[in-house]
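Remarks on the structure that follows.
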Amino acid sequence: MWREVYKAKKVRPEDILSAIRPGSKVYIETGCAEPRYLVEKLIVENNSLADIEIYTTMPLSSFSEAGGDYGSRFRVKAFFVSPEIVPIYESGNTDHLPVTSFGLSRLIKDGYLNIDTAIIHVSLPDEYGYMSLGISVDVTRTVIDHASTVIAQVNKNMPRTLGDGFVHVSKISYIIEHDDALIEDTSGEPDDETRAIGENIARLIENGSTIQIGFGRLPSAALYALRDKGVKDLGIHTEILTDPVCALVEEGLVNGKRKSLDAEKIVASMCLGTRKLFDFVNQNPMVELRSPDYTSSMGLISRQKNMVAINGALEVDLTGQSCVALSDGTGFLGTLGHADFNRGAMASEGGKSIIALRSTTRDGRRSRIVPEFTDLKIGVVTTQAEVNYVVTEYGEVNLFGKTIRERALALITIAHPRFRKWLLEEAKRLKYVYLDQILPPEDTPYPFKYEKTVDLGGTSLLVRPVKVTDERSIQDLFYAMSLEDKFFRFLHSVTVLHHKQAQRLVNVDYRKSMALVTTRGSGMHDNRVLAVAHYAVDNEADSLEDVCEFSIMVHPEWQNRGIGYRLLNHIIDIARDNGFRYMSSSVWEDNTHMLHLIKKTGYRAVSYDYFDHVYSICIDITRPAA
């Protein structure tokens, strides 16, 4: 029966040019599923059009450029201004409708937006007369249910996918058969900065996380980096599905076993990639493409435990707001599911929201971390109240629960070194930070290589180089120490550690001066410093290049558990790596624990002097004791 209906509805494009009436509101399926043949025949070459409004979600081809040329014939209204249509948007020939993907579904369902005609792209029908929207369900499913006229390009190259994308022949007004290649999105090989950002994002993702991948190269770079990190049992709940997911599935890293909802399923709304991805999703029971009112529902997202949302931004200001922008002609404008996933992930148990961006524009002339937004062509996506992690190629910072002063300082540390001094001065001008705030020299990149995770009696701890943002944590550690511990550390009675003193302890150059801190781990929200070890050049030594002086401070609750020993050995290795041959320490005679700790390292003491209750010990860190 359906075959007769199909045959009756099959037409040629030139037979239905009048189906799109003057003044119509036309939705065109976009992304990699854009029906380019129908766009060309029914829109671009249709000279009878007048005052048509064309709605798109993510235009990837150049059909919209024709819209600008034809002026009153039709005007494009894009929910997402992708790089492909930035030129005509900036010339004033395209409108942008700022709304999230979930909000777009509601606009259509609740009658805010009335679509007359839908132009879609589908697969061949199955034996029951059902065609598939294939690689892009998106909001198209909702549009079909509300449009008065539905025109479908039937293409044998369109995959069949499970989920919300099945459309029966009876739902279609006109069928046009035309086989052509689907649009492929090839982002190319990531550059060094993109890879570094991806690696920094991957450091935040733990076993069992469920991941959302936003638009752009940076979120995809995180997926490539996950292959090297080797995290297990990952799940995918996202709006956009990209090529790197295929490799993660093939290697067994993505299986969805620990998802709270849709276990063992990859849930997405559209595919943005190459033929490899299209073949992967074709009739794959592991993959379900759903409409945005499901994939981008904040309520559903928040119910996924350990949900991680990964999205890009063009700029972040010193208060933590992020924006998309068109300021240099290379950006994009629009949120898609960004805002929905950001909020949902932060409401998820164990969840994280990550905003990724380059530290500078591609030409390196401008910082992407800015004191204030100044360009008018921006869209603020993440507000001060909704920000969590921000990542650049220089590291990652968690801004949630931080003051403006703490945020500004943290963001400056992951800005490009060339702009940090300027950002610090601007932060002082805005009264965001202490007016006497200092930073390490610009040529001192944070040494990720010295980070390591250690197991202490079943507890995972992170040992890492200190950051200037650890100042308050160092103060908290100091105030948790007993009077005796403070005396042992500083060799005189000290009861306070003010900002001016504390900031000197965290401003190290990672070579001549170094500090290591121990926390509960990067995946923990409680990142209190449990212990700290310092070394600095010994100004009283005969050879400044060879000798550094060290000290250790351990929280009372964590003493006698092996932290001090591990810290000391790690900082010895770093000192030796930085060219030091000897390390010295002044130890009060009653500090038997420290004396034992130095002996336990096994390095030979080249001097062991005693004067006025203090042992002055110097060890040779190039070789252990005989």
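Overview of values
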{"read-out": "Neighbourhood net charge (12 Å Cβ-Cβ; Lys/Arg +1, Asp/Glu -1) for ARG405", "value": "+3"}
{"read-out": "Sequence of MET481, MET158, MET1 once ranked by neighbouring C-beta atoms within 10 Å, starting from the fewest", "value": "MET1, MET481, MET158"}
{"read-out": "Net charge over other residues, Cβ less than 12 angstrom from the Cβ of PRO22 (K, R count +1; D, E count -1)", "value": "0"}
{"read-out": "Bridge type composition, the stretch 2-177 - antiparallel percent by DSSP, nearest 5", "value": "10"}
{"read-out": "Sites SER460 and TRP588 - FRET efficiency at Förster radius 35 Å, r taken between beta-carbons, to 0.05", "value": "0.60"}
{"read-out": "Nonlocal amide H pairs with ARG528, under 5 Å, H built at 1.01 Å", "value": "ARG520"}
{"read-out": "Given LYS109/LYS171; LYS7/LYS77; LYS305/LYS431; LYS265/LYS452; LYS229/LYS486; LYS156/LYS229, the pairs whose alpha carbons are separated by over 28 Å", "value": "LYS7/LYS77; LYS305/LYS431; LYS265/LYS452; LYS229/LYS486; LYS156/LYS229"}
{"read-out": "Relative contact order %, the chain, counting alpha carbon pairs below 8 Å whose residues are six or more apart", "value": "9"}
{"read-out": "Sorted by Cβ density within 10 Å, fewest first, the residues ASP455, ASP262, ASP509", "value": "ASP455, ASP509, ASP262"}
{"read-out": "Formal net charge of residues neighbouring PRO13 (Cβ-Cβ distance under 10 Å; K, R +1; D, E -1)", "value": "-2"}
{"read-out": "The stretch 448-624 shape via C-alpha gyration tensor axes, a/c threshold 1.5", "value": "rounded"}
{"read-out": "Antiparallel bridges, percent of DSSP beta bridges restricted to the stretch 448-624 (to nearest 5)", "value": "90"}
{"read-out": "Projected label distance in nm at LYS599 and ASN284, using a 7 Å step from Cα toward the beta-carbon", "value": "6.2"}
{"read-out": "Candidates per trypsin sites (Lys or Arg not before Pro) in the stretch 385-482, loop by DSSP, up to 15 other Cβ within 10 Å", "value": "LYS431"}
{"read-out": "Amide N proximity, the stretch 10-28 versus GLU177 label position 7 Å along Cα-to-Cβ, cut-off under 19 Å", "value": "10-16"}
{"read-out": "Chain lengthening between ASP95 and GLU189 when straightened (0.36 nm per residue, less Cα-Cα)", "value": "30.7 nm"}
{"read-out": "Over the chain: helical MRE at 222 nm, DSSP H runs n ≥ 4 each giving -39500 (n - 2.57), nearest 500", "value": "-7500 deg cm²/dmol"}
{"read-out": "Burial ordering of ASP577, ASP470, fewest other beta-carbon atoms within 10 Å first", "value": "ASP577, ASP470"}
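None of the figures in this text is laboratory data; all of them are computed from the coordinates on show. Everything numeric in this text was worked out from a predicted model, so none of it was measured. For neighbour counting, all protein chains shown are included, and Cβ atoms are generated from backbone atoms with ideal geometry for every residue, glycine included.
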